[in-house]
Every structure is written in structure tokens, then in C-alpha cells.
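For reference, the structure is listed below as C-alpha cells.
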Amino acid sequence: VVSYRDVARLISIHTKVDRRNLCTYSADGLIISTPTGSTAYNLAAGGPIVYPTLEAMIITPICSHSFTQKPIVLPGDKKLTLGFKDNDELLNLTLDGQRCFEIHREDQVKIELMKKRLTFLRLPGSYFFKTLRKKLHWGEDLR
């Protein structure tokens, strides 16, 4: 997550995919997630749920200033670069809600999926859609 350090304010984040311009997001921040993280902060910010075995990167603006700047899912082999030259104050880069780093105007953040894969153990009888229904009450009639 990239956001302002102290106050929720509009920031400009220049984004490139494989060194080609995607857009300049004007938002309170930007969430970059993998499918495994797509059901956390990304989902709360209006991003999509992405099936966990897909190799993908999800970009979700936080409270975008423009109705045309919506979440986008990129193939896993893409490289994302974020630039911040239009911002006057320090920004924060927060990794998985755990580690936080300052970002200055001249900094760039480069993001790509790791080549090394992580294997998750699944309990017998558990699968993705069952978990969605249980934890998120997904598709249930709550009347």
C-alpha cells in the first residue's frame, strides 16, 4: 500500500507496466496485491476477488478521485513501476500491514512477482469457494 504518511489526502501515483505508461492514479493511495491478498484490504477498497492459483497482480486505487480509475488485474509476468514526483510530502509504503518505509518524491517503487513459489497446505474438504461462503457469507441470502 502506498499512501500519505500522516493524513489521508489525494496523491498522484504515476504507474507503468513493463516501462509503458498505464495511468496516473489520483487517489488516497494505491493497493498492490496478489490473489492471496485479494480478499483482504484490496476487497475492502472495492477490488476484485481473484482465484488464488492465478499468477496475477491486482492494482486497486483507494478512494480514487476519478470514476474511471478502477481496479485492474495484470498478468503475473508484468513489472510495475510507481513514481511520485507530483507529491510534496512524504509518502509511506506499507508491506502486508507489517513493515513501513518512507517514500520521497524522487523514489520509485518497482514491483514484480517472485519467481520462487510458496506452497500452501489445505485441509481436506476445504476449498476456495467454501471459504468465501463461510468467511464472507458470500452469496448467502441474509434476510
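The values are calculated or read from the model by the stated rules, or taken from the named source; none is laboratory data. Model, not experiment: these values are computed from the prediction. Ideal geometry is used to build each Cβ from the backbone, glycine not excepted, and the neighbour counts take in all protein chains shown. Areas reflect the complete protein model, heavy atoms only, side chains present, ligands, DNA and RNA absent. Shrake-Rupley method; radii C 1.70, N 1.55, O 1.52, S 1.80 Å.
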Virtual spin-label span in nm between Ala40 and Lys85, 7 Å along Cα→Cβ | 3.2
Under-5 Å amide H pairs with Ala56, H placed in peptide plane, nonlocal only = Gly76
Among Ile13, Ile72, Ile62, residue whose mean-square fluctuation peaks in a GNM of the chain (springs only between Cα atoms under 10 Å) = Ile72
Cα-projected label distance for Glu106 with Leu10, points at 7 Å along beta-carbon direction, nm = 2.8
Cα gyration tensor of the range 76-143, axes a ≥ b ≥ c as square roots of the eigenvalues: rounded (a/c below 1.5), prolate (a/b > b/c) or oblate?
-> prolate
In square angstrom, what is the accessible area per residue of the range 66-106 with a 1.4 angstrom probe?
-> 69
Pairs over 26 Å Cα to Cα, from Lys79/Lys116; Lys79/Lys134; Lys78/Lys134; Lys16/Lys116, come to Lys79/Lys134; Lys78/Lys134
Computed over the chain: relative contact order in percent, which uses C-alpha pairs under 8 Å that are six or more apart | 22
Around Glu140: net Lys/Arg minus Asp/Glu count, Cβ-Cβ under 15 Å = +4
Have a look at Ala40, Ala56, Ala27 and tell me which one the Gaussian network model of the chain (Cα, springs below 10 Å) gives the largest fluctuation.
-> Ala40
Does the chain classify as rounded, prolate or oblate by the C-alpha gyration tensor (a ≥ b ≥ c root eigenvalues; a/c under 1.5 gives rounded; else a/b over b/c gives prolate, otherwise oblate)?
-> prolate
